[in-house]
Amino acid sequence: MQQPPETEPLNPPERTLMGPGPSEVHPRVLRVMSAPLIGHLDAAFIEIMDEVQELLRYTFQTDNKWTIPVSGTGSASMETAFANVVEPGETVLVPTNGYFGGRMESMAERAGGDVVTVDAPWGEPLQPDDVAAAFDEHDPDVFGFVHAETSTGVLQPHVSELTSIAHEHDAYVIADTVTSLGGVELRVDEWDIDVAYSGGQKCLSCPPGASPLTVNDRTMEKVLNRDTEVRSWYLDLSLLEGYWGEERAYHHTAPITNVYALRESLQLVAEEGLEARWERHREMATKLKTGLEDLGFELNPDDEFWLPSLNAVRVPDGVDDTELLDYLKREYDIEVASGLGALEGEILRIGCMGYSARPQNIEFLLAAIEDGLEAQGFDQ
């Protein structure tokens, strides 16, 4: 008989999480995660489900009936969006100005879509004229864009202009709001976004595992009248609506503890108020940005496209980014991330999200970075 392995009780290190995610989890969220489990069809849990949906509608700023947490991480809600909206043979327009535009491309292709692109340099947003030209050339059925690009620190401005272009061509719009929901201004209905997906582990300060998604009636009608079945049974909205809709019929066992956590994190958003929360993120990120500039860093994007929840800063000449990140983790238990894709080795990605967006975290991080630079002999 195989013997059990020799392991010690779990004791993870205590980190200050200031990277691109996860962010630090609010103590109230951690507390509710220790609450007793109840069944996923229990009347008490169904009441919690209703509350989560109402709180999500407030946070997304939408009246969409089809507003749910997908069982899985942010990538699960992303795949739910593309797998359901894209049918085989449809043309899907995605951006090339960041890592997650590339992930959109991969998911759209797996859903059977024919992918075309609208280009912009990494570190810059999409320009409406370029999007309009891409629509005129390709006439796509679906358009995906990233509202807050985690890989470049760019916030996409003038979203309504992009959605107007798409709807003039009768296309459906899918927005990646993983790093914006609950942290920077987002108005799904006012901006005429058809589908928006997000994650809990960024500005909501919730562990990953139940990920927000909202779908408007126009898009849900398309989903429910597809010519082909969604290739994923688990993520099929025509099946999930039976559990999250009025019927509350069994589909799968929901991640109960994660739903508790998401509900509490959304309750914190409601208590703070969305506009006050957006302002707090901007205020804390401004403090961070100013301190980093004093240390010799500069933003990767232009100020007008700055994403307060994820600050991408260029590594000064003469500084080894890997050595600095190792120093922060080894000496201070602080997590910050390096660049992805085309910006690997060129930038640091510093989160200022949710419960991590506090003065003490900003001050601690800036002091630690200053020490790390001095350890390399960098004179800012």
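The values are calculated or read from the model by the stated rules, or taken from the named source; none is laboratory data. Since this is a predicted model, take the numbers as computed values, not measurements. Don't worry about glycine lacking a Cβ; one is built from the backbone with ideal geometry, like all the others, and counts go over all protein chains shown.
Summary table
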{"item": "Members of segment 53-75 found to be part of a helix (DSSP H, G or I) and either of a type in the set (Lys, Arg) or surrounded by 23 or more Cβ atoms within 10 Å (Cβ to Cβ) (or both), listed by number", "result": "56, 57, 59, 60, 74"}
{"item": "Failed criterion for residue 124 (all others in (1) outside any helix (DSSP H, G or I); (2) out of contact with any His (no Cβ under 9 Å at 6 or more places or on another chain); (3) buried (at least 24 other Cβ atoms within 10 Å of the Cβ) hold)", "result": "(3)"}
{"item": "Condition broken by residue 179, with the remaining ones in (1) within 17 Å of the chain's Cα centre (by Cα); (2) surrounded by fewer than 21 Cβ atoms within 10 Å (Cβ to Cβ) satisfied", "result": "(2)"}
{"item": "Check on residue 57, under 20 Å from residue 191 (Cβ atoms) and not assigned by TED's automatic domain parsing to the domain that holds residue 347", "result": "yes"}
{"item": "Lone qualifier among 96, 73, 80 - being under 30 Å from residue 339 (Cα atoms), touching a Leu at 6+ places or on another chain (Cβ under 6 Å) and β-branched (Val, Ile, Thr)", "result": "80"}
{"item": "Answer from 335, 346, 370 - the residue that is without any contact (Cβ under 8 Å) to a residue 60 or more places away in the chain and of a type in the set (Asp, Glu)", "result": "346"}
{"item": "Qualifying position, being modelled with pLDDT of 95 or more and either charged (D, E, K, R) or in contact with a helix residue (DSSP H, G or I) (Cβ under 8 Å, 6 or more places away or on another chain) (or both), among 152, 179", "result": "152"}
{"item": "Residue check for residue 243: among the hydroxyl-bearing types (Ser, Thr, Tyr) and touching a residue at least 12 places away in the same chain (Cβ under 8 Å)", "result": "no"}
{"item": "Residues of segment 298-322 that turn out to be hydroxyl-bearing (Ser, Thr, Tyr) and surrounded by 17 or more Cβ atoms within 10 Å (Cβ to Cβ), as a count", "result": "1"}
{"item": "Any hit, segment 93-101, residues being surrounded by fewer than 24 Cβ atoms within 10 Å (Cβ to Cβ), more than 14 Å from the chain's Cα centre (by Cα), without any contact (Cβ under 8 Å) to a residue 40 or more places away in the chain and outside any strand (DSSP E or B)", "result": "yes"}
{"item": "Extreme residue, farthest from the chain's Cα centre (by Cα), among residues of segment 127-142 that are farther than 26 Å from residue 304 by Cβ and part of a loop (DSSP other than H, G, I, E, B)", "result": "139"}
{"item": "Residue satisfying all of: in segment 109-121; small (Gly, Ala, Ser) and either touching a Gly at 6+ places or on another chain (Cβ under 7 Å) or within 22 Å of residue 303 (Cβ to Cβ) (or both); surrounded by the most Cβ atoms within 10 Å (Cβ to Cβ) among these", "result": "120"}
{"item": "Filter pass, residue 24 being acidic (Asp, Glu), closer than 18 Å to residue 207 by Cα and in contact (Cβ under 8 Å) with a residue 40 or more places away in the chain", "result": "yes"}
{"item": "Test: residue in segment 304-322 that is under 19 Å from the mean Cα position of the chain (by Cα) and assigned to a helix (DSSP H, G or I)", "result": "yes"}
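Yes/no per residue for (1) touching a strand residue (DSSP E or B) at 6+ places or on another chain (Cβ under 6 Å); (2) among the β-branched types (Val, Ile, Thr); (3) over 20 Å from residue 178 (Cα atoms):
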site: 78; (1), (2), (3): yes, no, no
site: 82; (1), (2), (3): no, no, no
site: 96; (1), (2), (3): yes, yes, no
site: 103; (1), (2), (3): no, no, no
site: 106; (1), (2), (3): no, no, no
site: 122; (1), (2), (3): no, no, no
site: 126; (1), (2), (3): yes, no, no
site: 129; (1), (2), (3): no, no, yes
site: 146; (1), (2), (3): yes, yes, no
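Residues checked against (1) exposed (fewer than 14 other Cβ atoms within 10 Å of the Cβ); (2) outside the structural domain of residue 122 (by TED's automatic domain parsing); (3) in a strand (DSSP E or B); (4) of a type in the set (Ser, Thr, Tyr):
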{"site": "288", "(1), (2), (3), (4)": "no, yes, no, no"}
{"site": "291", "(1), (2), (3), (4)": "no, yes, no, no"}
{"site": "296", "(1), (2), (3), (4)": "no, yes, no, no"}
{"site": "324", "(1), (2), (3), (4)": "no, yes, no, no"}
{"site": "350", "(1), (2), (3), (4)": "no, yes, yes, no"}
{"site": "360", "(1), (2), (3), (4)": "yes, yes, no, no"}
{"site": "364", "(1), (2), (3), (4)": "no, yes, no, no"}
{"site": "369", "(1), (2), (3), (4)": "no, yes, no, no"}
